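Undergrad: Attaching a single structure in structure tokens format; questions to follow.
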Amino acid sequence: MRRPRPRTLGVVCVCLALLAAGVVTGVRWARGWTGSVTVLANWSGAEKDQFEQAMRRFEDEYRIDVVYQGSSALSQVLAADLAAGTQPDVAVLPGPGELMAYAAEGRLEPLDGLFEAGAYDRVWMPKVAGEDGRERTYWLPVKTGLKSMVWHAGGLSADRIARTAAEPGGWCLAMGSGATSGWPGTDWVEDVLLQQAGPRVYEQWATGRIAWTDPRVRRAWRTWGDMVGAGDRARVGHMLQDDFGQDCPRQRLEHQGSFRDTHWKRVAGDFVHSSEVIPGAGGGSGRWEVSGDLAALLNATDEARQLIRFLADPGTALPDFSANRKAAAPDGHRDPLKRKVGAILRGSEHRLCWDASDTMPPALRDAFHQAVLRFLVAPGLLDARLRDLQALNGGPRPTLPVCGTGPATN
């Protein structure tokens, strides 16, 4: 029998796929489906599974089809879609930096009135200026994370942790993360500055009001370099090649976020605040760096608005951790670590500060990633790196409460 040519097979496959899609669509409309909503995000693995489970509940309850578009290059994909006028209905971005710019350009639809803003602390959901200068709510936190954490195997004394932290070989540190390689290093620099110089200086630097060449910023870079062994060719070689998600030996420490709890549970791990091991941490230190995935509305369809209401519902189970104070806290008996992290995220608003690079314009944030990689290789060229970053700084940016100051208002 004559075999079909590859092109023929391709056409048949496409036709079958279209037919299957048509059958599914037909069945859904026959069951009373009322529309669809597209969501762009970068979740994968367990987080994607959790989100999709929540979306199945949304679909069943509201008969609205959710079309999930996953991408590891969110910024580039969203910018291209906006330029082409094919933007998703809802986009979920890490941090407020890009969303601030899109709000100012009139690209985002306000969320005021869609949910109870008072259920969120102001650091998570501030009012920011839109294209007309009026301040509104433009994003909703759907997942939050804690930083400023130093993970260690369970049972270590404070003295043992301090001794381990004093040696570059005591740290697990890997920069690899594909197109965003370097971000673990930016987390370090930001956190050292926050603990040494305090929240006011940190916020001024994050918003462009203090230069990258400021002595306090330079000190933070130098401190980090000394702690992890910047310039050590063999050590740095591993840092640049290794992936940030690899296992960390139990005898070492790791400066990493709350998403690493699963890894450290295997050795009964726990964490201390980074200020306990950062040299020169100020007496008023103790602020926690935080991160968050923020949902923004780009097309104000009825279906998209309903999805935002659903995401803000405290009963909706979303990827850890929720910033909604009315949402159920993690079960402390089943998972003490998650309960500990959740309590900090939802009960210490005045002590929380956004990951600074997540508040910066994309070009500056990306340059920061690259600068930490180059600094590790050649710490003696730090001043040149800082001048390059300052050239991209562009001066003060729109006001954003980088550090917590009080509850949100509707």
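Undergrad: For region 292-359, treating each Cα as an identical point scatterer without solvent, what Debye log10 I(q)/I(0) comes out at q = 0.16, 0.17, 0.18 1/Å?
TA: Ignoring solvent entirely, the Cα scatterers give -0.69, -0.76, -0.83.
Undergrad: Towards the positive end of the charge dipole of the chain, with charges on Cβ (+1 Lys, Arg; -1 Asp, Glu), say which of Ala91, Pro168, Ala220 has the farthest Cα.
TA: Going by the Cα projections, it comes out as Pro168.
Undergrad: Lys and Arg at +1, Asp and Glu at -1: add these up for the other residues within a Cβ distance under 11 Å of Ala371 and post the number.
TA: Surrounding charge for Ala371 is +2.
Undergrad: If Lys and Arg each add +1 and Asp and Glu each add -1, what is the summed charge of the other residues whose beta carbon sits under 11 Å from the beta carbon of Glu109? Let's see the in-between values first.
TA: On the way: positive: Arg107, Arg136, Arg305; negative: Asp89, Asp112.
That sum, taken over residues with Cβ under 11 Å, equals +1.
Undergrad: If you don't mind, another one. What is the packing order of peptides 75-84, 246-255, taking the mean over residues of other C-beta atoms within 10 Å and listing the highest first? Before the final figure, lay out each step's value.
TA: Details: 75-84: 14.7, 246-255: 16.5.
Going from most to least packed, we get 246-255, 75-84.
Undergrad: For region 121-245, state the semi-axes of the equivalent ellipsoid (square roots of 5 times the eigenvalues of the alpha-carbon gyration tensor), sorted largest first and rounded to whole angstrom.
TA: 32, 18, 17
Undergrad: Can you work out the FRET efficiency for the pair Ser36 and Asp226, with r the C-beta to C-beta distance and R0 = 51 Å, to the nearest 0.05?
TA: On the way: r = 54 Å, r/R0 = 1.05.
Efficiency at R0 = 51 Å is approximately 0.40.
Undergrad: Quote the convex hull volume per residue of region 112-192, based on C-alpha atoms, as a whole number of Å³.
TA: Working: hull volume 15.0 nm³, N = 81.
Value for region 112-192: 185 Å³ per residue.
Undergrad: Now, a different point. Run the simple label-point estimate for Leu82 and Arg219 please: 7 Å along Cα→C-beta, distance reported in nm.
TA: Here the answer is 3.7 nm between the modelled labels.
Undergrad: Here is a further query. Identify the residues of region 260-274 with backbone N under 18 Å of a label point that sits 7 angstrom from the Cα of Ala329 along the Cα-to-Cβ direction, or state none.
TA: 271
Undergrad: Below 8 Å, C-alpha to C-alpha, sequence gap of six or more: please give me the relative contact order for the chain in percent. Don't skip to the answer; put the middle values down first.
TA: Numbers: 699 pairs, mean separation 113.7, N = 410.
Computed over the chain, the figure is 28 percent.
Undergrad: Among the DSSP beta bridges whose two residues both lie in the chain, what percent are antiparallel, rounded to the nearest 5?
TA: 60 percent
Undergrad: If you build a Gaussian network model of the chain, linking Cα atoms that sit under 10 Å apart, which residue out of Gln53, Gln196, Gln370 swings the most?
TA: Of the options given, Gln53 has the highest mean-square fluctuation.
Undergrad: May I pose another question? Among 132-145, 154-167, how do they line up from the highest to the lowest mean number of other beta-carbon atoms within 10 Å? If you can, show how the numbers build up before the last one.
TA: Numbers: 132-145: 19.5, 154-167: 13.4.
Packing proxy ranking, top to bottom: 132-145, 154-167.
Undergrad: Where does the charge balance sit around Met360 when Lys and Arg score +1, Asp and Glu -1, over other residues with C-beta under 12 Å from its C-beta?
TA: The answer is -3.
Undergrad: Here's a follow-up. If you average 1/r over all unlike Cα pairs in region 241-382 and invert the result, what Kirkwood radius do you get in angstrom?
TA: About 18.5 Å, per the Kirkwood formula over Cα pairs.
Undergrad: Where the centroid of each part is defined by its Cα atoms, how far is region 293-364 from region 54-82 in Å?
TA: The distance from the Cα centre of region 293-364 to that of region 54-82 comes to 17 Å.
Undergrad: If packing is taken as the average count of other Cβ atoms within 10 Å, what order do 361-368, 230-237 fall into, highest mean first? Show your work: numbers first, answer last.
TA: Values: 361-368: 17.6, 230-237: 14.5.
Put in order of decreasing packing, that is 361-368, 230-237.
Undergrad: For the chain, give the magnitude of the charge dipole about the Cα centre (Cβ charges: +1 Lys/Arg, -1 Asp/Glu; no others), in debye to the nearest 20.
TA: Computed about the Cα centre, the dipole is about 660 debye.
Undergrad: Something else now. In what sequence do Glu303, Glu190 fall when counting other Cβ within 10 Å, fewest first?
TA: Numbers: Glu303 19, Glu190 25.
Ordered by Cβ neighbours within 10 Å, fewest first: Glu303, Glu190.
Undergrad: For region 208-307, take the alpha-carbon Rg, divide it by the Kirkwood Rh, and send me Rg/Rh. Display every interim value, and only then the final one.
TA: Numbers: Rg = 19.1 Å, Rh = 17.7 Å.
For region 208-307, the value is 1.08.
Undergrad: Run the count for the chain, please: Lys pairs, Cα-Cα under 20 angstrom, 8 or more apart or on different chains.
TA: Going through the chain pair by pair, I get 13.
Undergrad: Report the extension gain between Ser177 and Ala317 in nm, rounded to one decimal, defined as 0.36 nm multiplied by the number of residues separating them, less their alpha carbon distance.
TA: That works out to 47.6 nm of additional length.
Undergrad: What helices does the chain have that are whole DSSP H segments, at least 27 Å long along their own axis by Cα, and with mean Kyte-Doolittle hydropathy of 0.5 or more?
TA: For the chain, where a helix must reach 27 Å along its axis and average at least 0.5, the hits are 6-30.
Undergrad: Sticking with this one: Could you point to the residue in Val277, Asn299, Thr316 farthest towards the positive end of region 277-345's charge dipole, with +1 and -1 charges on the Cβ of Lys/Arg and Asp/Glu respectively?
TA: Val277
Only the coordinates and a few stated rules stand behind these numbers; no lab work does. Quantities reported herein were computed from a predicted structural model and do not represent experimental measurements. Here the Cβ is made from the backbone with ideal geometry for all residues, glycine too, and neighbour counts use every protein chain on show.
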